[in-house]
Structures are given as structure tokens and as C-alpha cells.
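Novice: Before I ask anything, here is the structure I am working with.
The values are calculated or read from the model by the stated rules, or taken from the named source; none is laboratory data. It should be emphasised that the depicted structure is a prediction, and the values quoted were computed from it without experimental measurement. Cβ sites come from the backbone with ideal geometry, for glycine too, and all protein chains shown count toward neighbours. For the accessible areas, the whole protein counts, side chains as well, though only heavy atoms, and no ligand, DNA or RNA atoms are used. Shrake-Rupley method; radii C 1.70, N 1.55, O 1.52, S 1.80 Å.
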Amino acid sequence: MGDVKRVGVIGGGQLAWMMATAAEKLGVELVVQTPSNSDPAVAIAADAIFAPVADATATAQLATQCDVITFENEFVDLEALSLLESQGICFRPGLQTLRPLLDKYHQRCYLRDLGLPTPGFFPLPPPPSPLPSPSLPLVLKTRRHGYDGQGTFIIKDLPELNTTLERLKNVLLLVEEFVPFERELAAIAARSVNGDISIYPIVETQQEQQVCRRVFAPAKISSAVGEQVNAIARTLLNHLQVVGVFGIELFLTQEERVLVNEIAPRVHNSGHFTLDACETSQFEQHLRAVCGLPLGSPAMKIPGAVMVNLLGYEHSTSSYLEQRQQIAALPGAHVHWYGKTESRPGRKLGHVTVLLEAEEGKQGGASAIAQKVESIWYGREKSC
Ligand code: ADP
């Protein structure tokens, strides 16, 4: 099955951990570069290099053990890695693909230049002229290293704007128009070495405090919206010359307009349902692309699925066995527990995918199932 025997993965969190079953199926070994030996993917890797993901010297060492290197975390030192790429080290996706995406302002410019719909935006400090005049509410985002809502601030009034700007005064920022979206959608799309593209059924994602809480697959959208999303995904993957799986987060407005929120250059939380619900999981699809293999079918094996993130809601070292067992006992539930040794509020500790029969999907039963999972998980703790 192809010439790739060992895949290096920059980052050893749960996304790399979830590549394990696919790696075994495809007969490849994973070697991870990750800061700590307690990171989830260390347990499933053939080998590990313990170093921060931005340590390019460690990546050079990783390259000596692998045929190709991929990313589960994009907070890398692109300039230093470019040197390695120019020396012949194979990165998939390639670094030219990542270049416009790592800084949220550059990403917005790239989308705008491609003519793709995005919220209005400008950088802070602002360009010399013309001076933009933003109206409230607005969204402030740190340009780099934001994830799970860390670094994204929805600003409703002037005092909040001033406090937030004061707190972030030495950080490069992106200011964005607030989109009063009706729903949020996501597309998980893959592109192979020879340019084939495969897109999973579009999903609806629900965020609370800017963190993904649940995902419904497939999203209940019109075919016109589905076509808009698929066209955006194809344009992006082709222009970026992607090899691998990307997650594309979108806003859907009341007028059925689709705007791109963010492109994640890797497997994505909104695609976790594919592990249990699809013919080929996003993790297998990613490894297939990275290893130069043909892509698998993205079709769902069942009528619907709901994925709920199990987020930390306290500081603890508990393994939450009882709650996990109760959730696993729900019909159609598949619990994935990342084996993290410490819980803290908002930390992704695991997720559950519940496979749905047609009737449940139709009757809005998917939301009720998500609520049931969350009531078991959070108990009386409603938020994290
Ligand atoms: P992160 O990179 O941390 O995931 P995002 O930019 O994806 O941050 O934003 C997280 C969430 O914040 C989004 O899913 C959405 O709910 C909200 N959000 C982000 N940008 C906007 C916007 N321009 N208008 C309205 N809501 C937004």
C-alpha cells in the first residue's frame, strides 16, 4: 500500500491519537513530536520526540525517522520548517499550503482575494488609511495561536472593548464584523496527492463561549446551501493545493448566505463523528492522502449522528469512569476518552458520538440525545 511506512506527526494530542486505528489498518507507523510524554498520542505512537511543536530542530530529527511529515497542530515555526522542506523533507500538506493560513489576518486576506465570502475585517494596529470605523458588536481575535475560542472575544460595548484592548495591547489583532448567524456549519474535505477531492456530509456545529459543544451530522440544510459550501471547499482545497484533510468552519445567515469563518489545516473536531458514522474516518482519509493512497468513501453508514464534546468543568485528576459508563450505555453511543491525566475547565477530555436511526434524526431527537449526554456529563454543572 504505497511507499510510505512511517508518518511523522507534529503534535501528539487527541487528533494524532485518533489516527491510531487508521494507521494500523493502512500498515503505517506514527512517530509524534509533542512536548510531554503524557500527551495522548504517545501511547499509540511507534516512537516519540519530546519537544514543542515549534521546535524545528526536533522536526529535523523527526524527519530522519519518517517518510513524510504531517500536522495535527499548526502552531509551527514556518520559516524554520521551510529550510527543511528546501532540503528535501516532505511535508504534507506542503508549507506553501500552510503559509496563508497560520495568521488569521492573512487567512482572511487570502479568502477575500479568492473572492470567497467572509465577514468584514481589518488588522489592529490598523493600516495607515483609510481608517476603518467599526460598529459594535464586533469580534476581536488574536492573529496567531488561537484555538477553542482562546483568543476570540465577542465585544458588545465600549467598556468591554477598552478592557480587552488594554489586556491585549502588545498582541497583533484581527477585528471582525460580528455575524448574526442563524447557524454554524462545517465541512471536512480531503484532497489527495493527485488532486482528487472528497467532501464529507456538511455538519452543523454548536459553540458555547466560542468552544464547540456539539455537532449534528448531516446538517439540515437546503441543497442550495450544500452546493455553496461544497463549492467553497473545492475552491479552497484546489487553490491551496492541499494534500490531506482540512476543516472549514462557516456561518449560515438567515438569508441562506454562507460565509467562511475559519480554515483549519488539519483534521478537525467537527469531523470526529466520521470515526463511527462514515465509511472512512477523517483520520484514515488524512493518512490516505498523506501516504499518497486513493481517498476512501466519505459516505455515512447510518442516517444521522450527533457528536458531543466531553469538556472539563473543574480542576481534577478524575477519570470520570462512572459518567463515561452511563453515557456509553445510551443506545448507539460510542465514547472516545483521550486519556488525559488532568482535567480543567474547557479542556477537551473526550467525545461521544451517538448513531441515530432515521426517526430520531427527523423528530429533532438529535438535540434531545445531546442534552441527555450533557446532563449525564455535566450533572448540575451546566457550563464549563
Ligand atoms: P478558534 O480559532 O479559537 O476556534 P474562531 O474564530 O473559530 O476561534 O471562533 C470561535 C467561535 O466564535 C465561532 O465558532 C463563533 O461561534 C464565534 N465567532 C467567531 N467569529 C465570529 C464573527 N465574526 N461573528 C460572530 N461570531 C463569531
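Novice: Take the Cα gyration tensor of the chain, multiply each eigenvalue by 5, square-root it, and list the three semi-axes largest first, rounded to whole angstrom.
Specialist: Computed over the chain, the values are 29, 28, 22 Å.
Novice: How fast does region 1-138 diffuse by Stokes-Einstein, in µm²/s, taking the Kirkwood radius from C-alpha pairs at 20 °C and 1.002 mPa s?
Specialist: The Stokes-Einstein estimate is 127 µm²/s.
Novice: Rounded to the nearest whole Å³, what is the per residue volume of the convex hull around the Cα atoms of region 57-118?
Specialist: Taking only Cα atoms, region 57-118 has a hull volume of 94 Å³ per residue.
Novice: If I compute solvent accessible area with a 1.4 Å probe over the protein chains, what percent of it on region 23-161 is carbon and sulfur?
Specialist: 54
Novice: In addition: Work out Dmax and Rg for region 81-224 from the C-alpha atoms and quote the Rg first, both in angstrom.
Specialist: 17.9, 52
Novice: A follow-up question, please. Return the tail of the calculated pair distribution for region 244-286, meaning the percent of Cα-Cα pairs more than 13 Å apart.
Specialist: Value for region 244-286: 58 percent of Cα pairs lie more than 13 Å apart.
Novice: Right, something else. Rounded, prolate or oblate, given the Cα gyration tensor of region 229-329, with a/c below 1.5 counting as rounded?
Specialist: Here region 229-329 falls in the prolate category.
Novice: Cross-link candidates for residue 220: which lysines have Cα within less than 22 Å, leaving aside residues fewer than 8 places away along the same chain?
Specialist: Correct list for residue 220: 301, 362, 372.
Novice: Let me ask something else. From the helices alone, meaning DSSP H stretches of at least four residues, give me the mean residue ellipticity at 222 nm for the chain, per-run term -39500 (n - 2.57), in deg cm²/dmol to the nearest 500.
Specialist: Helix contribution divided over all residues of the chain: -8000 deg cm²/dmol.
Novice: Given q = 0.16, 0.22 Å⁻¹, what are the Debye log10 I(q)/I(0) values for region 212-284, with equal point scatterers placed on the Cα positions and solvent ignored?
Specialist: Reported log10 I(q)/I(0), two decimals: -0.64, -1.20.
Novice: Just how much of residue 121 is accessible, in Å², when a 1.4 Å probe is used and the result is rounded to the nearest 10?
Specialist: 40
Novice: A follow-up question, please. Considering only protein heavy atoms, what is the solvent-accessible area of residue 86 at a probe of 1.4 Å, reported in Å² to the nearest 10?
Specialist: Roughly 90 Å² of residue 86 is accessible to a 1.4 Å probe.
Novice: Based on the Cβ-Cβ distance of residue 254 and residue 329, what FRET efficiency does E = 1/(1 + (r/R0)^6) give at R0 = 35 Å, to the nearest 0.05?
Specialist: The formula returns an efficiency of 0.35 here.
Novice: Taking every pair of alpha-carbon atoms in region 171-299, give the share separated by more than 24 Å as a whole percent.
Specialist: 26
Novice: Can you send over the solvent-accessible area of residue 181, 1.4 Å probe, protein chains only, in Å² to the nearest 10?
Specialist: Solvent-accessible area, nearest 10 Å²: 80 Å².
Novice: Between residue 322 and residue 182, what length in nm is gained on full extension when 0.36 nm per residue of separation is reduced by their alpha carbon distance?
Specialist: 46.8 nm
Novice: Taking only protein heavy atoms into account and a 1.4 Å probe, give the accessible area per residue of region 1-123 in Å².
Specialist: Spelled out: the 1.4 Å probe surface of region 1-123, per residue, equals 41 Å².
Novice: If one computes the Cα centroid of region 131-174 and of region 256-320, what distance in Å separates the two points?
Specialist: Each part reduced to its Cα centre gives a spacing of 29 Å.
Novice: Once you put a point 7 Å from the Cα of residue 223 and another 7 Å from the Cα of residue 86, both along the Cβ direction, what distance in nm separates them?
Specialist: Result: 5.1 nm between the two label points.
Novice: Quick one: net charge of residue 41's neighbours, Cβ under 15 Å, K/R +1, D/E -1?
Specialist: -1
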